[in-house]
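Novice: Can you keep this structure in mind? I'll have questions shortly.
The numbers here are math on the coordinates, done by the rules we state, and not lab data. Since the structure is predicted, the reported quantities are computational estimates derived from the model, not experimental observations. With ideal geometry, Cβ positions are generated from the backbone for all residues, glycine too; neighbour counts draw on all protein chains shown.
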Amino acid sequence: MPPLEVFTIAGPGGLQQSQADPDPTGYLEVKNTVIYRGRLAARSPVYESTTIPDSAAGAADAIVGAAMHLNYLYVAAYDDTLNNVNLVQCDIDGTNPVHKAVIWTTVTAKPTAVIMQSFTAGTATSSEDRLYIADFDQNFATSYWTGSALTVLTNSLDLAGPDNTVFSYVKDYQFHVWGTGYYEGIILRPEMLRFSTPGSLPLADIADGTDRAWHVSDWIPIGRRGNSIIGLEVVNQRLLVFQQDALHAINGYNRTSWSVRNLSPYIGAVGPLAFDHYAGKICFFWSATGPMMTDGETVTDIGEPIREIINNVPSDTNIICRVDPTAMLAYFFVPTGAATSPNYYYAFDIQNKLWTEGQFLDDAGVAINIGSGTRVVELGSAAVGPTAAPSSLVAVVDPVNYDTTIDLTWVAGDTAYNTYTAVHRDVTTGFTPASGNEIGVANPGVTEWEDDTCDSDDQYFYKVRHLRNGQYSAASNQDDATTALARPDLVKLSGLVNGIKVTIDNLVANAELNIDRSSEPVATWSDITTLNNQPASEVSHDDTTATCATQYNYRVRTEEAGSTSSPWVQAGPLNACEGVPNITGATYTIIPDPVKDWIRSVKVSWTWNNKSRDDRVWVYSRSPAGGGSYVKLAEVSLDYYLDSLYVCPGPDDIDYKLETWEDNTTLVDTDYVLAVDPCLAS
Amino acid sequence: MANTRLFLGAADTNILYRVGQVGIDTGNQDSGAATYVVSISTERQYPAGRNALINWRRVAVRLLRTAPVDITMRVYVDEIQTQVYDASSNLVNQTIVFNQTGGGECEEVVEADIQAVGTSIRIELDINSNDIDGILLLEPFEAHGRTIRPAKSRAAESA
């Protein structure tokens, strides 16, 4: 039967709907996975970060905008009972929400999107950090938050007076504030793109010499008149201007250098949140013909592998694109089924150009309807430490080596791939975990530790801490265990003419040594004696109650009042009444080669009694005889040793030494065969 | 170091969500107690050709993991799920469950016996998020079998 053939049928890849003959990197379905470290990974989840309050400290009804500003995460939240849109400040980790202001009142319908842009403006002598806030639907005036107050943005195109400005989108580009879809009073120019002075400083307007941040002539018409600008993005130092059916890019540094280039007269973004950038280099966006990307020069269709899916996604203005730079994923959130908000995502792996899909679920397992999204970047922050401490630490003595080993188990509080667990040990209860009492570190995913470095008959206290990116978590609970008395280091049996000698290397001073015996094979142990108050040294017991010619096993353990008895140490089997091996006579024979007489061997022979299975004779030699040191030749269980071939004429005379070793462990006898001349005539 | 987080706001509640980071938060569940399902289905592959016949005997998945994980696998030969006899000697659809235990980062190959004759093969995997305690990376899938009949091919016609 030939061996099985091996066919690779799938590799790390993504959704693939556009190949007649799919290759092994394509999948029919890859749901809730992402490409990570070159392989398919179960994707990470979403966490509920916080809940956003309304102006009456109740719960807001929808989150319609979010942006990072001055190391805070700002959220725009709509309340359909109070009919207002609120500005809420959160810490950069998305926690600790604080209501800051009501942005707009009398808001009777949830805004499509609230666009926010951080910018540093002010005057020539003092700066002011502002968070510009625009209503994409252009129902309410654009404002900016200064950290303490909201100010309505006003300027005028006709010099008739300061009118409220109603942008649909605001963006920072080359230190200018850019506003789209200019609307002032009854004048609506959705294709108009206005820009402020550099730094939004009030400077003399050439129209009338009045200091203004928004000059009358500082605007650019984009595309066809009346065609709304959907949004703005910046990649590769270009300002991308999205319309629903066109895409433009602006280059330049100031009003005298702006130049507009039409990147695509057909492809645009479907909505104000349908685009996002990766590292300022690539912009991903969802167009009426599906997902695209652009570097500000060319537009590339990235949706070909999922064309069938794309054809079933409506060109909905609510589609959201948000890039997770850490995972290098561009998420496209789209509505599915009856949902009017995005509740399903297609994720584009930026590095591998592969698609996966999935859903984020809420507490009840229902897909989250997503209304907005943003990224925050915390600069100079420390690496992430353990998110929680381990718990439920349990310490028990090892069931086998309970005189030296204690086994620990715990429940991990942080299961991240780079979370280790440090094990701490002390002999004092309530100790503080520190590097001095850290005895080891368990690998990620491991929730057990075997401490085999314990002394016997000692109580040990343990705590464990998670260790991640060099940071420790709080300690777990403390638990302790006490080891048993030390077991005898060695138990050895040797023959007696009337029984068996049990020799024990006792390690515990003043201990009791309990000796059990069982015939071979081991079945039932019988307690034959207990040796009381023994020294911590070699101890022996002559068992003369054994039946001669019967094989026995022995086991010994240490006992002491108030302590746990040691594990048993077993030895045997050995025949009773075997006695100690000894050589009763030794001689030699010179053996010439039958053909070549000048080649000789020396056969050293001996007789010995009380020989048991493991007894050995160690054979040594030295030459010349009477001088130098003996060199060990062999350990022999027979009654002769054939020394190697010698070529005559001579070596010198040879001395042989024979040592008798009981069980090959204890020297009991030494004999000599001296001055052998292998070249003597035989 | 710079630490980038992606936040999502709910369209119909006041909840602000943080998107977990792959490899760091992987293995945890979605917000609250919800469980998501990782579903993977390979393309139908015809490794010996479109009209070849193969006796499929084994499938193997190589995976890297840092913690215990339970994986459910189904195999389809010519789009028909492989079958196996149950304890009552009834022929039932074959569902293979791998319960990988033990911690620490390790790479393993999990294999399953199948018995089916056909041309194409496809593998489906399901993994519940609450059955993953750490990071799980899936690597190439393999199918093992013997080609009974290679794909037919017509000799080129000579001029």
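Novice: Beyond 18 Å, what percent of the Cα pairs of region B:36-149 remain? Display every interim value, and only then the final one.
Specialist: On the way: 3362 of 6441 pairs.
Everything past 18 Å amounts to 52 percent.
Novice: Determine the alpha carbon to alpha carbon distance for each of A:Lys501/A:Lys611; A:Lys31/A:Lys110; A:Lys171/A:Lys353; A:Lys31/A:Lys281; A:Lys171/A:Lys281; A:Lys110/A:Lys171 and list only those over 20 Å. Don't jump to the answer; show the numbers that get you there.
Specialist: Details: A:Lys501/A:Lys611 15 Å; A:Lys31/A:Lys110 32 Å; A:Lys171/A:Lys353 29 Å; A:Lys31/A:Lys281 28 Å; A:Lys171/A:Lys281 17 Å; A:Lys110/A:Lys171 22 Å.
Among A:Lys501/A:Lys611; A:Lys31/A:Lys110; A:Lys171/A:Lys353; A:Lys31/A:Lys281; A:Lys171/A:Lys281; A:Lys110/A:Lys171, the Cα-Cα distance tops 20 Å for A:Lys31/A:Lys110; A:Lys171/A:Lys353; A:Lys31/A:Lys281; A:Lys110/A:Lys171.
Novice: Against the globular-protein guess of 2.2 N^0.38 Å, express the Cα radius of gyration of region A:391-479 as a ratio, rounded to two decimals.
Specialist: Details: Rg = 12.4 Å, N = 89, 2.2 N^0.38 = 12.1 Å.
In units of the globular-protein estimate, region A:391-479 measures up at 1.03.
Novice: Still on this structure, please answer the following. For region A:438-451, what does the Karplus curve 6.51 cos²θ - 1.76 cosθ + 1.60, with θ = phi - 60°, yield as ³J(HN,Hα) per residue in whole Hz, taken in order and with x for Gly and Pro?
Specialist: Calculated HN-Hα couplings, in order: 7, 9, x, 10, 7, 5, x, x, 9, 10, 8, 8, 10, 8 Hz.
Novice: Of A:Ile250, A:Ile52, how do they rank once you tally other Cβ atoms within 10 Å and put the fewest first? If you can, show how the numbers build up before the last one.
Specialist: Numbers: A:Ile250 23, A:Ile52 27.
Lowest count first: A:Ile250, A:Ile52.
Novice: Compute the relative contact order of region B:36-149 as a whole-number percentage, counting only Cα pairs closer than 8 Å that sit 6 or more residues apart in sequence.
Specialist: Working: 274 pairs, mean separation 56.8, N = 114.
Reported relative contact order: 50 percent.
Novice: Okay, moving on. What is the set of long-range amide H partners of A:Ile654 at a cut-off below 5 Å, with H atoms built 1.01 Å from backbone N?
Specialist: A:Ala625, A:Ala675, A:Val676, A:Asp677
Novice: Another question, if that's okay. Using Cα pairs closer than 8 Å and at least 6 residues apart in sequence, work out the relative contact order for chain A, in percent.
Specialist: On the way: 1778 pairs, mean separation 41.4, N = 682.
About 6 percent, as a whole number.
Novice: Answer with one residue from B:Thr82, B:Leu64, B:Pro47: the one whose Cα lies farthest towards the positive end of the charge dipole of region B:36-149, charges on Cβ with Lys, Arg +1 and Asp, Glu -1.
Specialist: Sorting the options by dipole projection puts first B:Pro47.
Novice: Based on Cβ point charges of +1 for Lys and Arg and -1 for Asp and Glu, what charge dipole magnitude is obtained for chain B about its Cα centre, in debye rounded to the nearest 20?
Specialist: On the way: 14 positive and 20 negative charges, 152 e Å.
So the dipole magnitude of chain B works out to roughly 740 debye.
Novice: Just need log10 I(q)/I(0) for region A:582-676 at q = 0.17, 0.20, 0.24, 0.25 Å⁻¹, Debye formula, equal scatterers on the alpha-carbon atoms, no solvent, rounded to two decimals.
Specialist: Values, matching the q order: -0.72, -0.94, -1.21, -1.28.
Novice: Please identify, among B:Asp113, B:Asp126, B:Asp70, the residue showing maximal mean-square fluctuation in a Gaussian network model of chain B using a 10 angstrom Cα cutoff.
Specialist: Ranking B:Asp113, B:Asp126, B:Asp70 by mean-square fluctuation puts B:Asp113 first.
Novice: Let me have the 222 nm mean residue ellipticity of the protein assembly as shown computed from DSSP H runs of 4+ only, each contributing -39500 (n - 2.57), with the sum over all residues rounded to the nearest 500.
Specialist: Calculated from helices alone, the mean residue ellipticity at 222 nm is 0 deg cm²/dmol.
Novice: Now a separate question. Using the reciprocal of the averaged 1/r over all distinct C-alpha pairs, how large is the Kirkwood radius of region A:97-235 in Å? Could the numbers behind the result be given before it?
Specialist: Values: mean 1/r = 0.0650 Å⁻¹.
With all distinct Cα pairs of region A:97-235 included, I get 15.4 Å.
Novice: On average, how many beta carbons from a partner chain sit within 10 Å of the beta carbon of a residue in A:367-376? Display every interim value, and only then the final one.
Specialist: On the way: counts 3, 11, 4, 6, 6, 6, 7, 5, 5, 6.
For peptide A:367-376, the averaged partner shielding equals 6.
Novice: In addition: Based only on the alpha carbon positions, what is the Kirkwood hydrodynamic radius of the protein assembly as shown, in angstrom?
Specialist: On the way: mean 1/r = 0.0290 Å⁻¹.
That comes to 34.5 Å for the protein assembly as shown.
Novice: Enter the mean number of other protein chain beta carbons within 10 Å of the beta carbon of each residue in A:320-327, as an integer. Spell out each step's value before the answer.
Specialist: Numbers: counts 3, 0, 4, 2, 7, 4, 11, 8.
Counting Cβ atoms of other protein chains within 10 Å of each residue's Cβ and averaging gives 5.
Novice: A further question on this structure: Going by amide H atoms built from the backbone, whose H comes under 5 Å of the H on A:Ala442, apart from near neighbours?
Specialist: Residues meeting the criterion, in which the H sits 1.01 Å from N, are A:Thr421, A:Ala422, A:Val423.
Novice: Give the cysteines in chain A for which no other Cys Cβ lies under 4.7 Å away, or write none if there are none.
Specialist: By the Cβ distance rule, which asks for a partner under 4.7 Å, the isolated cysteines are A:Cys90, A:Cys283, A:Cys321, A:Cys454.
Novice: How are the alpha carbon pair distances in region A:80-142 distributed across 10 Å bins from zero to the largest one, expressed in percent?
Specialist: With 10 Å bins starting at 0, P(r) equals 18, 43, 31, 7, 0.
Novice: What aspartates and glutamates sit close enough to A:Lys100 to cross-link, taking a C-alpha to C-alpha distance under 16 Å and skipping anything fewer than 8 places away on the same chain?
Specialist: Once the sequence-local aspartates and glutamates are set aside, what remains near A:Lys100 is A:Asp54, A:Asp79, A:Asp91, A:Asp129.
Novice: Can you give the mean number of other chain Cβ atoms that lie within 10 Å of the Cβ atoms in peptide A:22-30?
Specialist: Values: counts 5, 2, 7, 3, 3, 6, 8, 7, 7.
Taking the mean over all residues of the peptide, I get 5.
Novice: What fraction of the Cα pairs in region A:199-288, stated in percent, has a spacing above 14 angstrom?
Specialist: Working: 2718 of 4005 pairs.
When all Cα pairs of region A:199-288 are counted, 68 percent exceed 14 Å.
Novice: Sort A:Thr545, A:Thr317 by Cβ crowding within 10 Å, fewest neighbours at the top. Intermediate values should be presented prior to the final figure.
Specialist: Values: A:Thr545 13, A:Thr317 16.
Final ranking by Cβ density, sparse to dense: A:Thr545, A:Thr317.
Novice: Most exposed first by the Cβ proxy, i.e. fewest other Cβ within 10 Å, how do A:Tyr646, A:Tyr266, A:Tyr331, A:Tyr462 rank? Write down the numbers at each step before the final one.
Specialist: Values: A:Tyr646 19, A:Tyr266 11, A:Tyr331 24, A:Tyr462 27.
Fewest-to-most ranking of A:Tyr646, A:Tyr266, A:Tyr331, A:Tyr462: A:Tyr266, A:Tyr646, A:Tyr331, A:Tyr462.
Novice: Before anything else, pin down the relative contact order of region A:490-575: Cα pairs under 8 Å, at least 6 apart, normalised by residue count, whole percent.
Specialist: Working: 203 pairs, mean separation 30.3, N = 86.
Reported as a whole number, the value is 35 percent.
Novice: Looking at the square roots a ≥ b ≥ c of the eigenvalues of the Cα gyration tensor of region B:1-67, which shape do they give, rounded for a/c under 1.5, prolate if a/b is larger than b/c, or oblate? Provide the component values of the computation, followed by the final result.
Specialist: Numbers: a/c = 3.09, a/b = 2.43, b/c = 1.27.
Verdict is prolate for region B:1-67.
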